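The values are calculated or read from the model by the stated rules, or taken from the named source; none is laboratory data. Not measured: the values here are computed from a predicted model. Positions of Cβ are backbone-derived with ideal geometry, glycine not excepted, and every protein chain shown enters the neighbour counts. Note: areas computed on protein heavy atoms with side chains; ligands, DNA, RNA excluded. Shrake-Rupley method; radii C 1.70, N 1.55, O 1.52, S 1.80 Å.
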Amino acid sequence: MHGIVQWIRFHLTEGIVYDTIDPGVRAFETEVTPVEPFDVTDGQAVVICGRHDRDVPRFWLEA
């Protein structure tokens, strides 16, 4: 599968980090959005767009 993987890490204060990779985290879970495979060249920029509707983040590639 090819996809866009999203996770969030907040550094709240010294020693307190909220990370969606942590198995105990229940909000902002790690998301994987499938995308069709495509070719890129060295140095080519790929634009990843996203939005959130308060419940679900959505991501897509822009050509």
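Structural remarks
- The value given for the chain is a Kirkwood hydrodynamic radius of 13.9 Å, derived from the mean inverse Cα-Cα separation.
- A dipole drawn for the chain from +1 and -1 charges on Cβ atoms has a positive end, and of V17, I48, W60 the residue lying farthest that way is V17.
- Per residue solvent-accessible surface (Å²) - the chain, probe of 1.4 Å: 89
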